[in-house]
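What follows is calculated from the coordinates using simple rules that are stated; it is not laboratory data. Just so it is clear, the model here is predicted, and its values are computed rather than measured. Every residue, glycine among them, receives a Cβ derived from its backbone with ideal geometry; neighbour counts consider all protein chains shown.
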Amino acid sequence: MERIQEIAPAVKPAGAAAPAPEGAARGAGRNAFEVTNLNVWYGLKHAVQDVTMNIPERTITAIIGPSGCGKSTFLRCLNRMHELVPKARMSGSIRFFGQELYAPQIDPAVVRRRIGMVFQKSNPFPTMSIAENVTVGLRLNGVGNRAFLRERMEQSLRMSALWDEVKDDLGKPGISLSGGQQQRLCIARAIATQPEVLLMDEPASALDPIATMKVEELIHQLSHDYTIVIVTHNMQQASRVSDKTAFFYLGGLVEFSNTDQLFTRPREKQTEDYISGRFG
């Protein structure tokens with residue numbers, strides 16, 4: 001049987017992650033990311049300024065802050081998506097399970113297979129069926145075994161809490177689904193290639209409250225198997241879903257701590273002013 005691990009994952013931690021011991025604190029293990037002195041420019045615009053932070057594995061880390069503060073740029077640096085923007089450049093270091101993501105020998109395409117991404121606007125491929133949308137990443141990476149593709153498709157849809165809703169309509173276009181279902185389909189597509197990390201850029205901002213609740217429940221479920229980093233403009237959502245929260249302002253990291261602490265006992269006056277609604 002074909003396995004996704006055989007598709008040459010050049011960026012892979014040295015050894016598979018062991019299951020967390022029963023009762024162990026979330027985030028008590030290794031760091032998935034170690035970010036040091038990260039700076040990012042788009043032309044002359046200094047979008048991210050000297051950010052240093054560690055993101056533990058198998059936790060949910062939320063990134064909050066006002067519009068234009070560098071949240072999404074930081075997120076895209078974690079899987080080198082920012083490199084697709086003309087005139088983008090960066091300095092500093094991002095290590096993924098100890099390996100430098102920006103080392104010359106690392107293929108960005110491989111990085112993006114290991115670190116999946118879900119965007120703000122659901123983006124099913126319009127000419128593909130629900131089933132094809134889920135398996136497209138596997139097929140692009142050379143997986144052709146139909147039984148394996150079927151198995152992975154069902155597994156991903158089940159993990160995305162979508163299987164029972166679409167199992168009888170797998171041949172219908174992905175864009176025939178509701179907005180919330182489309183976003184869960186995109187999550188299924190992202191996890192079908194079995195990345196270690198899911199990056200989510202405001203995944204529920206365009207959804208109604210019921211669909212948002214389903215996506216948040218799904219994020220909680222997935223965090224047992226994945227490291228999740230989510231950008232959100234919704235502070236209530238950050239407080240509900242995340243283990244750790246980072247507050248960005250004007251391209252810099254103001255504060256990063258456990259979510260409960262940041263929202264109830266922030267260390268920085270700027271953080272307190274933002275979460276209390278004095279600005280932003």
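Tally up the residues in segment 233-262 that are crowded, with 21+ Cβ neighbours inside 10 Å and either hydrophobic (A, V, I, L, M, F, W, C) or under 17 Å from the mean Cα position of the chain (by Cα) (or both), please.
11
Would you tally the residues in segment 91-130 being farther than 25 Å from residue 51 by Cβ and buried (at least 16 other Cβ atoms within 10 Å of the Cβ)?
6
Within segment 64-72, can one find any residue that is assigned to a helix (DSSP H, G or I) and in contact (Cβ under 8 Å) with a residue 24 or more places away in the chain?
Scanning segment 64-72 turns up at least one residue that is assigned to a helix (DSSP H, G or I) and in contact (Cβ under 8 Å) with a residue 24 or more places away in the chain.
Of all the helices (runs of 4 or more DSSP H) wholly in segment 112-186, which have at least 1 residues that are in contact with a strand residue (DSSP E or B) (Cβ under 8 Å, 6 or more places away or on another chain) and not acidic (Asp, Glu)?
Here the list reads 130-140.
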